[in-house]
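K.L.:
Provided herewith is a single structure, encoded as structure tokens, for subsequent inquiry.
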Amino acid sequence: ISWKVDPRDLGKAIERQYAEQIVRRTREVMRDAAPEAEGYMKTNAPWTDRTTEARKLLMAETIETDRDVTLYLIHGAAYGVWLELRHGGRYAIIAPTLHETASRLRTRLRGLVR
């Protein structure tokens with residue numbers, strides 16, 4: 001047998017390609033999670049709308065760097081912090097969405113490495 005590529009180099013190339021694919025798919029999963037999380041927040045916000053501003057300004061977005069992908073859940077209304085923190089969290093939507101989204105992300109990301 002005559003090898004054009006040393007088998008040890010081939011193994012390293014396959015390992016590198018697998019790692020790159022995992023990173024690419026992880027970024028896709030995180031990007032897909034943003035609109036899902038935003039929709040969940042807007043649908044499940046527990047308060048009664050008076051102006052619709054708080055619900056309209058609920059947002060989710062991903063920010064990517066070379067090393068990280070971060071999912072942000074944003075309460076864009078100036079008084080959103082009070083909806084989240086006052087009344088024992090009765091009107092909170094960020095933490096419940098984070099819990100729901102993290103659960104789904106964990107399942108999807110585990111599937112990538114199986």
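K.L.:
For residue 12, give me every one of the lysines with a C-alpha distance below 19 angstrom, ignoring sequence neighbours fewer than eight places off in its own chain.
P.N.:
Within the straight-line limit of under 19 Å, residue 12 reaches these lysines: 4.
K.L.:
Sequence neighbours fewer than 8 away in the same chain don't count; with that in mind, list the lysines whose C-alpha is under 17 Å from residue 42.
P.N.:
Hits, sequence-local ones excluded: 56.
K.L.:
Here is a further query. From the phi angles alone, apply the Karplus equation (6.51, -1.76, 1.60; θ = phi - 60°) to the range 21-32 and give each ³J(HN,Hα) in whole Hz, x where the residue is Gly or Pro.
P.N.:
For the range 21-32, the Karplus curve yields 5, 4, 5, 4, 5, 4, 4, 5, 4, 5, 4, 5 Hz.
K.L.:
Give me the distance in nm between label points sitting 7 Å out from Cα along the Cα-to-Cβ direction at residue 3 and residue 85, one decimal.
P.N.:
6.1 nm
K.L.:
Treat each spin label as a single point 7 Å out from the Cα along the C-beta direction, and report the residue 109 to residue 61 distance in nm.
P.N.:
2.2 nm
K.L.:
While we're looking at this one, here's another question. Give the accessible area for residue 30 in Å² (nearest 10); use a 1.4 Å probe, count only protein heavy atoms, and leave out ligands, DNA and RNA.
P.N.:
Here the residue's solvent-accessible area equals roughly 20 Å².
K.L.:
Just to verify a number: what accessible area does residue 56 come out at with the full protein assembly present, 1.4 Å probe, Å² rounded to tens?
P.N.:
Number for this one is 140 Å².
K.L.:
Would you indicate which of (i) 1.54; (ii) 1.12; (iii) 0.97 is the value of Cα Rg over 2.2 N^0.38 Å derived from the coordinates of this structure?
P.N.:
(i)
K.L.:
Can you tell me which of 85, 71, 58 moves the most in a GNM of the chain? Springs connect C-alpha atoms under 10 Å apart.
P.N.:
85
K.L.:
Add +1 for every Lys or Arg and -1 for every Asp or Glu among the other residues with Cβ under 12 Å from the Cβ of residue 15, and state the total. Mind dumping the intermediate values first?
P.N.:
Values: positive: 8, 12, 16; negative: 9, 20.
Local net charge: +1.
K.L.:
Report relative contact order for the chain in percent, whole number only (criteria: Cα-Cα under 8 Å, sequence separation at least 6). Don't jump to the answer; show the numbers that get you there.
P.N.:
Working: 106 pairs, mean separation 29.6, N = 114.
Computed over the chain, the figure is 26 percent.
K.L.:
When the helix-only estimate is applied to the chain (DSSP H runs of n ≥ 4, each -39,500 (n - 2.57), divided by the residue count), what is the mean residue ellipticity at 222 nm, nearest 500 deg cm²/dmol?
P.N.:
-20000 deg cm²/dmol
The values are calculated or read from the model by the stated rules, or taken from the named source; none is laboratory data. The structure presented is a predicted model; accordingly, all values stated were derived computationally and were not measured. As a convention, Cβ positions derive from the backbone with ideal geometry for all residues, glycine included, and neighbour counts pool all protein chains shown. Note: areas computed on protein heavy atoms with side chains; ligands, DNA, RNA excluded. Shrake-Rupley method; radii C 1.70, N 1.55, O 1.52, S 1.80 Å.
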